[in-house]
Each structure stands twice: as C-alpha cells, then as structure tokens.
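The values are calculated or read from the model by the stated rules, or taken from the named source; none is laboratory data. The structure presented is a predicted model; accordingly, all values stated were derived computationally and were not measured. Reconstructed Cβ throughout: ideal geometry from the backbone, glycine too, with neighbour counts over all protein chains shown. Only protein heavy atoms, including side chains, enter the accessible area calculation; ligands, DNA and RNA are left aside. Shrake-Rupley method; radii C 1.70, N 1.55, O 1.52, S 1.80 Å.
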Amino acid sequence: MDLLFGRRQVLHEVTGARVVVTGVAVRTAGRPDVKSGEVDADAEVLGVPLVARVAGVSDDPDFPDDRKGSLASAVFGELGAPPIGARMGIFLGTGLSSLTPHEVEVDLYPWLRDGRFDRDAIVRDLDPTRPAPRRHVPERVTHVLGARMGAVSLETSFSACAAAAQSIASAARAVGRGEVDCAYAGGHDSMLHPLGYLSFAVLGALSPTRGRPFHRGRDGFMIGEGAAMLRLEREDDARARGAPVLATFLGAGSSIDAHNVTAPHPEGRGAALAMRRALRDAGLTAADVDYVNAHGTGTQVGDIAESLAIAAVLGQVPTGSFKGAFGHCIAAAGAVELAWCILGMAEGTTYGTVGCEELDPAIRCTVLVDSLSRPPNVVLSNSFGFGGQNCALIVARG
Amino acid sequence: MIVAVGAVLPTALRVHAPLAALPSALAGVVVGPDLVPWLKRRKDARLLPRAAELALPAAGQALFGFDGDLEELGLFVAVGREPPDEGDAEASIAAMAKDGRLDRARFGDQGRALYPPLLPLRTLPNMVLAHVAIQSGIRGENVCLAGGFEAGVGVWDAANDALASGRCVAALVGAAFSAVDRASARDRHRLGQTEPPGEGAIFVLLVGPAVRPEADLRVWRQRVGALGPVEALLGAVGVTPR
C-alpha cells in the first residue's frame, strides 16, 4: 500500500460499489425557480449591470479577501462532520482567483510611478503578509478544509466551468474503489469584483440584460457565485448506519472539444461524447434519463451547440438550465446545479428554465420552461468549461 | 504499462536575469523550447502560457508514433499555481488608479479599453490541457488537477482508474509547471519557499494501469530547482536523479 499523501494506490480494483449522496449543502443567490440578481455598480459601468450575489456570507478568518474560500467554508460547515471513523477525502473544483481591488491597492498601486509600475520594486517586496500569494494557490481552500476535518485524501480540480463536476466524478470513483470511505465533493467560486467582471466582459460573455438560457434574444450570462458540497459514501455503509440516501451516483463521462480555447465545437461534438460516456459508465440508455440539467449559459453559440448534442444523444428529454435564475457560478456551476437537482428530487420538483420567455427556434432539444411539481428519477447534468473540457454526471433519485 | 515518455526539463540551476532583484537569481530554466514542430499553426503560439509552451513538446514526444484512436485517448494533467499576469494588464490597471485607489469611473473607461481580452485565457491553469488537446486532437476522458505533488499523484491515479475501468484505451498523463517568472518567484519567497524555482513538463503514455514508481528527488531539486507537480511525475516515470 502506498500512503503517499494519504492516497491508497489501488490498481485493477474497480469494485463497482454503489455510491450514494447522503448530504447536500448549497449556497447560491437564490433557488432555481426564482429570478435572482441585483444591480452592481462596478458591473454597471461595464454595461452588464446584473450579478447574482449570495447573501449572508461574510469573510471567513482563514480566507480573507477570498470570497470563494469563504463560500466553500460556509457549505462545508453546513454539511457537518463525516461518519465517525471514516477515511475522508475532499474533492473540490475551484476557479481563477483574478486580482481583487484590495490586492491591486495593497500590492500594486504603491509601486505606481508616473503611470508605470516599478517592476523591480514590486519583485523586491517580500513582505509575507501581502495578499498576493495565498489567493493564487488553487489548492489552498482544499487544504485548509481538509485540515479541519482530518481528510486523508485531497484533490483540487482546475477545469474551468467543468471543475466541480469533475471533482464530484473523481470523488465518487474514489469512494467506489475504496480509496476513501466518505468524500466531500463539490466546488466553489466567486468572481464578483471589478476585475472579475472585466475578465468576462472583455470576452463578450456577460449579458447586458440578464442570463436567459435558450431564449431567442439571449445575449450572454449573468455572473453568479456559489458553492456546494455533496457527502458521498458507499451505499452499504450509508444504509448500515441509517443515513438518509438522497440520491445515487450512477456515472460520469468527460471529454475534450480539442477545438478552441473559448468557443465550443459548433455541433457539440465534445458535449455529446461526454454524455455518451456518462451513459455508458452508468450502464443506462438514453431512455432512462428523464431530465437534463443543461450547462445552458445563455450564449448564442453555446446553447445551440449543447442543444444539438442533447438531441443527438438523448432525444427529446426535458431540459432545463438554472443560470437564468442564479447566474453562472463558474467553477462551482457543476456542483451547485447538481445539488439543486438532488434537492428537487427530494422536494418533488423538476426545475424549469427561468428567463426563457420565447424559445429560440434554433434550439434542438426540448426545453422545460416551467417547473413541474414532480421529481425527476434520473438526471444528467452537464458542465462545460473554457478550454473545451466537458463533464456529464448522472444521478438517480433516492 | 508505460510505453513512451516525453520531457522538457532544465539541466542545471543557472542565474536567471529576470530574478536579479530577488535574494537569489538561481533558477532551473528551460532554454526554448522550439514550438514549431508541435503547433498546427504558428500563430497559436501567442495564446500559450509558459507551462503550455513546455507541455506541448513533452506531450508531443510521449505521443509520437501513437496510432490509436485520439477520441478515446485520455488526457490527465497536473498543473501548478495560476500563472501570473506578466505585465499584460499593466497599462489597464495603471489607468484605473486615482490617489492609490482603484477608481470605478476609470475602471469602466480607460481600464476596460486597455484590458487585454486574451489575458484570462493565459492565466487559466487548465489551458495547458486545452492546448495539448487542441494541438494533438485528444478528446478522451480527462482531468486537470492543481496542487504540487498531490496533483501529480492525482492525475496518475485518475488515469489508472480510467484505464482499469475501460473508460479510455490509453492515457497521456503529465504535468507542466513554471515558476521562474518574477511574480511567481517573489510569491514563493513570500510563502517562505526559498529553494530555487524551476519549470518543466513531463508526460507519459500509458496503455494499461501501472504502479507509481518512487524516486528520491532531493538531488534533482538541488540541481534544477523546485518543479512543483513535475516532481511527482518525475518520480512516477522512474527518473532517478544522480
């Protein structure tokens, strides 16, 4: 046994153990069936006024000037302790830190001389209390939370907007093959600050109105923030200790577009591959899936490409997107959306697509506009990231 | 089973002029590399962060002669910290300043106008994976993990799991990392990491599950600097420093 970093090395031992979700914690600006969003002065000056901010999350002492870390800490606390004696792993998807105003003002502006930065002076400033380094270490949040819980396995996915979904897939496999007994898996992200807005605005990705997935006049996404974490365990262990089983993880698939660093493949080739692989991994056919949580950002090209892929792989299965409700939570999207799907299963709701008021006729899949008061049984959830990374997760109710 | 290895690594610690203002200018820096053989179009080079410049030849070497289905080839990549902005946004950030504060009006005006639109694409760590995939046509199962040693170990385990469960027919597993720019080197000092920074990339092609070999990397670190996740894969492919 190799105990390097606490990870037990297991080869050729794909156990096939069923993995279940026994806990869900999620923070988004609102529910998937309610329009969230508020005018933000910094976003407004860029012509993209609405952002979806999570209320009631203050700076965590371990994560000063790091809202995504604070969001992660908040959901981590809500999920509570792992089962006693369980070997625990933490698998988190995270996003780009980008410069915050505080960092710019503390770390850069003191060295501004006549409109230019004194780069030598910046490099000579070795003050360890400066904010720059810690925020730019992607795995830091995973490590801090892991230390709080005594985790034996840590993993930080950095796959842009597919990061959290990739983390959940990885965690489920680690639990299934016995590397850990329990995994806290999900993602966290926030870019709700001026330079965060700017980095998306210059790419033309943000909506000047609000995110309206699959809507005829959609014009980009509303930026959101959030965090979610699932507790994953082997089914036998969960049932033995009488834990509530909220959902069963059935499978996952990933792919790469290998096409362009920002634009998706126009026919959704990579997206279709990820969904097919997820079905194969789950041992299901298209007919078994009764709801798709689309990545559905509300961009012109992205929504059409995804709809083509969904129609090609799954046919006309009801499809919704939550990004018109609480915005695009970037690296956390895959986790917060799957979390809301699982909560919908438990509450008896299949969520529709807030913001889609007039369906674009170019969309080829069946868009569920209004929520249904019955739960889906098997959900496939898509997450696609810059760089062309795609991930599809499949879970079943109970 | 490992069937091919590709590596782009420094050969020794040298004085690295851009680090002259730091307490030590020693770093393990790769000269080059020549990217032309590994790019579909020369103009693609302008989008590459440094770690991707190192990853492309390393991945290309490991993949050389592979005649399997690229659609079913897995790609599992470990990366380091976020690459810093190496001055690309300097004009924009300077233009937003007023009395030492970020001025909201200037932010939306001059700041926006001067902000480089491609900057986010250079600072996203998973662009290493993206560029390897785009240049080689790999479309298989994948992960991109961050975090030094644990990322290298993580991608190795993810690839083995994918191979063992039949989710890919072969796997290109690797790591790429660069910390020899001034901002990264400074931040390492701020974090108390005083060993010389390094850079490099290493990829292996697996056609079946393989045990991670172990290697003593202490001597290697003394010779070519800290390589972050690359070190994990150096050990993984049995590169024993002498």
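Residue under question is A:Arg277, and the condition is that it be within 11 Å of chain B (Cβ to nearest Cβ) and touching a residue at least 60 places away in the same chain (Cβ under 8 Å); does it hold? For A:Arg277, the condition - within 11 Å of chain B (Cβ to nearest Cβ) and touching a residue at least 60 places away in the same chain (Cβ under 8 Å) - is met. Criterion applied to A:Ala272, A:Ala362 was being of a type in the set (A, V, I, L, M) and assigned to a loop (DSSP other than H, G, I, E, B), and the one residue passing it is A:Ala362. Collect the residues in region A:84-98 that are under 15 Å from the mean Cα position of the chain (by Cα) and open to solvent by 10 Å² or more (accessible area, probe 1.4 Å), keeping them in residue-number order. Hit for region A:84-98 is A:Leu96, nothing else.
Those helices (runs of 4 or more DSSP H) of region B:147-235 in which at least 3 residues are at pLDDT 90 or above and either buried (at least 24 other Cβ atoms within 10 Å of the Cβ) or charged (D, E, K, R) (or both), considering only elements entirely within it, cover B:148-164, B:182-190.
Residues A:Gly298, A:Gly344, A:Gly355, A:Gly387: which one is of a type outside the set (A, V, I, L, M, F, W, C) and in a helix (DSSP H, G or I)?
Exactly one of A:Gly298, A:Gly344, A:Gly355, A:Gly387 is of a type outside the set (A, V, I, L, M, F, W, C) and in a helix (DSSP H, G or I), namely A:Gly344.
The rows are residues; the columns are (1) in contact with a strand residue (DSSP E or B) (Cβ under 7 Å, 6 or more places away or on another chain); (2) within 9 Å of another protein chain (Cβ to nearest Cβ); (3) at pLDDT 90 or above; (4) closer than 18 Å to A:Ser159 by Cα.
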position: B:Ala59; (1), (2), (3), (4): yes, no, yes, no
position: B:Asp67; (1), (2), (3), (4): no, no, yes, no
position: B:Leu70; (1), (2), (3), (4): no, yes, yes, no
position: B:Val79; (1), (2), (3), (4): yes, yes, yes, yes
position: B:Asp85; (1), (2), (3), (4): no, yes, no, no
position: B:Leu118; (1), (2), (3), (4): no, yes, no, yes
position: B:Arg122; (1), (2), (3), (4): no, no, no, yes
position: B:Asn126; (1), (2), (3), (4): yes, yes, yes, yes
position: B:Ile134; (1), (2), (3), (4): no, yes, yes, yes
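Every listed requirement among (1) out of contact with any strand residue (DSSP E or B) (no Cβ under 7 Å at 6 or more places or on another chain); (2) open to solvent by less than 10 Å² (accessible area, probe 1.4 Å); (3) at positive phi is met by A:Gly196 save one, (3). Scanning region A:14-33 for residues that are of a type outside the set (Ser, Thr, Tyr) and open to solvent by 70 Å² or more (accessible area, probe 1.4 Å) yields a total of 3.
Taken together, the residues in region A:375-384 that are buried (at least 24 other Cβ atoms within 10 Å of the Cβ) and assigned to a strand (DSSP E or B) amount to 6. Being among the basic types (Lys, Arg) and within 13 Å of chain B (Cβ to nearest Cβ) holds for only one residue in A:Arg177, A:Arg241, and it is A:Arg177. The single condition among (1) within 7 Å of chain A (Cβ to nearest Cβ); (2) over 21 Å from A:Gly93 (Cβ atoms); (3) more than 18 Å from the chain's Cα centre (by Cα) that B:Glu141 does not meet is (2). Of all the listed residues (A:Ala309, A:Ala332, A:Ala325), the sole one being under 18 Å from A:Arg212 (Cα atoms), surrounded by 22 or more Cβ atoms within 10 Å (Cβ to Cβ) and at pLDDT 95 or above is A:Ala325. Scanning region B:1-21 for residues that are of a type outside the set (A, V, I, L, M) and surrounded by fewer than 16 Cβ atoms within 10 Å (Cβ to Cβ) yields a total of 1. With respect to the conditions (1) facing chain A (nearest Cβ under 7 Å); (2) on the phi < 0 side of the Ramachandran plot; (3) within 21 Å of the chain's Cα centre (by Cα), B:Arg104 falls short on a single one, namely (3). Candidates in region A:113-143 are the residues that are open to solvent by 30 Å² or more (accessible area, probe 1.4 Å) and not in a loop (DSSP other than H, G, I, E, B); of these, the one that is modelled with the lowest pLDDT is A:Arg134. Counting residues in region B:49-56 that are part of a loop (DSSP other than H, G, I, E, B) and more than 14 Å from chain A (Cβ to nearest Cβ) gives zero. What is the one condition in (1) more than 14 Å from chain B (Cβ to nearest Cβ); (2) more than 26 Å from B:Phe76 (Cα to Cα) that A:Leu203 does not satisfy? Result: A:Leu203 fails condition (1) only. Yes or no: A:Gly226 in contact with a Leu (Cβ under 8 Å, 6 or more places away or on another chain), within 12 Å of another protein chain (Cβ to nearest Cβ) and either outside any helix (DSSP H, G or I) or buried (at least 24 other Cβ atoms within 10 Å of the Cβ) (or both)? Considered against the rule, which asks whether it is in contact with a Leu (Cβ under 8 Å, 6 or more places away or on another chain), within 12 Å of another protein chain (Cβ to nearest Cβ) and either outside any helix (DSSP H, G or I) or buried (at least 24 other Cβ atoms within 10 Å of the Cβ) (or both), A:Gly226 comes out as no.
Looking at region B:156-173, is at least one residue under 13 Å from the mean Cα position of the chain (by Cα) and more than 10 Å from every other protein chain (Cβ to nearest Cβ)? The answer is yes, given that some residue of region B:156-173 is under 13 Å from the mean Cα position of the chain (by Cα) and more than 10 Å from every other protein chain (Cβ to nearest Cβ).
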